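Have a look at the structure below, then the notes.
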């Protein structure tokens with residue numbers, strides 16, 4: 001689509017009618033004088049008049065075209081948009097959404113890859129006189145080659161290095177940064193492109209007024225209802241995980257689809273091995289908690305994940321965790337009423353359990369020499385009171401995970 005940098009000059013295009021008006025008003029009326037003996041001269045005159053009229057008509061058209069071309073030249077025509085390039089230089093800011101939602105799998109491929117293909121088509125339409133800056137964004141904006149404009153060829157090289165992220169999108173700050181850069185651009189034609197999947201949080205909250213001569217384009221990307229279901233969080237509930245004892249992991253699951261789902265599978269992996277699988281159903285737009293169980297047979301560091309059935313958005317189908325079971329559990333009993341020995345017997349009732357438990361009792365008066373970091377558990381058994389210093393040390397122990 002054409003536009004004109006000096007569109008006011010187009011009014012002068014009416015001047016193309018001046019040669020036509022001059023021609024019409026200056027036509028001579030030939031007076032007819034009959035003369036029978038000059039018939040052959042009349043035929044010759046007709047042929048000459050026909051040639052003169054054709055010559056005059058061509059000259060008239062040429063004069064009108066000269067005036068029209070001169071007017072268009074002063075109006076400075078230019079193509080609008082980077083798709084087909086512009087005769088006048090264009091400064092373009094391209095905002096590419098790389099948030100987690102761009103990783104959705106569609107029937108034509110991954111959404112982020114489809115977006116980069118669209119962007120490549122746009123870059124092919126720019127001329128050597130145009131300047132471009134590519135800004136990938138999610139929660140923050142990224143400038144792989146600095147906050148400066150460059151050629152479309154450099155933008156193409158940068159595009160090949162951009163990958164999709166795992167954060168949410170904050171398009172508002174990216175949009176404002178793009179406008180700020182356009183204000184500093186040299187070219188009169190200025191454009192800003194938005195390449196996004198148009199999620200609820202992937203467009204600016206407020207409709208900002210664009211500066212003069214800045215065109216904004218939102219590139220159309222395919223959208224499909226993928227029926228996503230993901231893991232929001234997992235929790236072990238502060239339980240004490242022991243060797244040979246069953247522990248429970250709770251997974252909080254959210255259905256983002258407006259349709260209920262049935263026959264879904266949740267799998268528990270520990271140390272890269274699937275140890276449990278559970279089938280469940282979830283309501284439309286609903287939330288649900290699942291409990292998965294397992295028994296660890298040896299101490300040390302352990303890791304794993306909970307995984308849901310495949311869907312079109314695989315990023316939130318897996319949630320990782322890790323924990324450590326010490327060689328033995330060091331327990332400190334602050335014995336203020338003589339009941340510490342009873343608690344010790346309850347914790348270590350047999351020699352077999354004693355392999356994993358190391359229990360020590362201490363009088364409240366002797367706490368100054370105790371290092372709380374050497375223990376995983378501290379039990380208070382009826383002390384009358386603790387000093388401010390010991391209370392502060394216990395609170396620090398709790399804050400550190402004790």
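The values are calculated or read from the model by the stated rules, or taken from the named source; none is laboratory data. Everything numeric in this text was worked out from a predicted model, so none of it was measured. So basically every Cβ, Gly included, is an ideal-geometry build from the backbone, and we count neighbours across all protein chains shown.
Structure notes:
Yes/no per residue for (1) outside any loop (DSSP other than H, G, I, E, B); (2) closer than 30 Å to residue 330 by Cβ; (3) in the same structural domain as residue 313 (by the TED database); (4) modelled with pLDDT under 90:
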| residue | (1), (2), (3), (4) |
| --- | --- |
| 239 | no, yes, yes, yes |
| 244 | no, yes, yes, yes |
| 250 | yes, yes, yes, no |
| 258 | no, no, yes, yes |
| 266 | yes, no, yes, no |
| 276 | yes, no, yes, no |
| 285 | no, no, yes, yes |
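- Residues that are exposed (fewer than 15 other Cβ atoms within 10 Å of the Cβ) and under 18 Å from residue 234 (Cβ atoms) within the stretch 299-314 comprise 301, 303, 309, listed in sequence order.
- Residue 361 passes every criterion in (1) touching a residue at least 24 places away in the same chain (Cβ under 8 Å); (2) touching a strand residue (DSSP E or B) at 6+ places or on another chain (Cβ under 6 Å); (3) in a helix (DSSP H, G or I) apart from (3).
- Going through (1) free of Cβ contacts under 8 Å to residues at least 24 places away in the same chain; (2) under 30 Å from residue 167 (Cβ atoms); (3) touching a strand residue (DSSP E or B) at 6+ places or on another chain (Cβ under 8 Å) one by one, residue 317 falls short only on (1).
- Among the residues listed as 180, 124, the single one being over 28 Å from residue 316 (Cβ atoms) and either in contact (Cβ under 8 Å) with a residue 60 or more places away in the chain or in contact with a helix residue (DSSP H, G or I) (Cβ under 8 Å, 6 or more places away or on another chain) (or both): 124
- Residues of the stretch 362-388 that are surrounded by fewer than 10 Cβ atoms within 10 Å (Cβ to Cβ) and more than 17 Å from residue 330 (Cα to Cα): 365, 366, 368, 384, 385, 388.
- Enumeration of residues in the stretch 377-402 that are at pLDDT 85 or above and in contact with a strand residue (DSSP E or B) (Cβ under 8 Å, 6 or more places away or on another chain): 377, 378, 379, 380, 381, 394, 397
- Residues of the stretch 380-402 satisfying the condition of being in contact with a helix residue (DSSP H, G or I) (Cβ under 7 Å, 6 or more places away or on another chain) and in a loop (DSSP other than H, G, I, E, B): 383, 386, 402
- Test: residue in the stretch 13-24 that is at pLDDT below 65, on the phi < 0 side of the Ramachandran plot, in contact with a helix residue (DSSP H, G or I) (Cβ under 9 Å, 6 or more places away or on another chain) and part of a helix (DSSP H, G or I): no
- Residue within the stretch 340-352 that is in a strand (DSSP E or B) and surrounded by fewer than 13 Cβ atoms within 10 Å (Cβ to Cβ) present: no
- Comparison of 296, 325 shows that the only residue that is in contact (Cβ under 8 Å) with a residue 60 or more places away in the chain and within 19 Å of residue 236 (Cβ to Cβ) is 325.
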